[in-house]
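The values are calculated or read from the model by the stated rules, or taken from the named source; none is laboratory data. Everything numeric here is computed off the predicted structure, so don't read it as measured data. Positions of Cβ are generated from backbone atoms using ideal geometry, with glycine treated the same way; all protein chains shown enter the neighbour counts.
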Amino acid sequence: MVIVGLVTALIIYLLVAVNYDRIKKTAEELKVIDIEEPPPPPEKLPPPPPKTALPPPPVVAPPPIVVTNTAPQVITTVATPPPVFIPTPEPPRPAPPPPPPPAAVKLTPKGNFNSLMSSDDYPPSALREGTEGTTSFRLEIGPDGRVTSCSVTKSSGSSQLDDTTCRLLSRRARFNPGKDSSGNPTGGVYASNFKWVIPK
């Protein structure tokens, strides 16, 4: 296949080389003729239209002036009432807290308690025997301020002096009654002592 191709190319080459002079000579004998086309004729312009005198425009009379009596426009204004101020009621104030209950009052003796007994009340038998001493007592007081009971909490050493102390205090002692937190009178207890001394 390669050999066939080479042989074919060689034959074509030889043919071209042999006919080269003929082809060159023929080309020199050929003459090129340029043909120039004539330019196109100029276009003819149409003649201008004839001038015709236009008639003057018709005179139009202005329209008549029509006067109309127009009533003046009445502008009515509506008076706006001033705004009404409605006060807002204040919210109710909270009720004040109730007053604190009164404090309880203790009972107190009326008058000078030490003057309830004196040397004149000295028991005669104890006076003859020369007995002296201090009697401690406890009094129960009712709501009316009177003594309801008497008890000896510490003896003087003499039953006569102790008995006389309770007897006289139950009969003579008066008290300002105590009061509870509601103000109601209440009883109570009163404790003290009395010293018996023989007058000199």
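Give 163, 120 a once-over and let me know the one that is surrounded by fewer than 12 Cβ atoms within 10 Å (Cβ to Cβ), of a type outside the set (Lys, Arg) and not in a loop (DSSP other than H, G, I, E, B).
Going through 163, 120 in turn, just one is surrounded by fewer than 12 Cβ atoms within 10 Å (Cβ to Cβ), of a type outside the set (Lys, Arg) and not in a loop (DSSP other than H, G, I, E, B): 120.
Taking the stretch 96-112 as the search range and keeping residues that are touching a Phe, Trp or Tyr at 6+ places or on another chain (Cβ under 9 Å) and not in a loop (DSSP other than H, G, I, E, B), which one is surrounded by the most Cβ atoms within 10 Å (Cβ to Cβ)?
That would be 109.
Would you confirm, using the coordinates I've provided, whether residue 133 is more than 30 Å from residue 179 (Cβ to Cβ), modelled with pLDDT of 75 or more, of a type outside the set (Val, Ile, Thr) and out of contact with any Pro (no Cβ under 8 Å at 6 or more places or on another chain)?
Taking the combined requirement at face value, the residue satisfies it.
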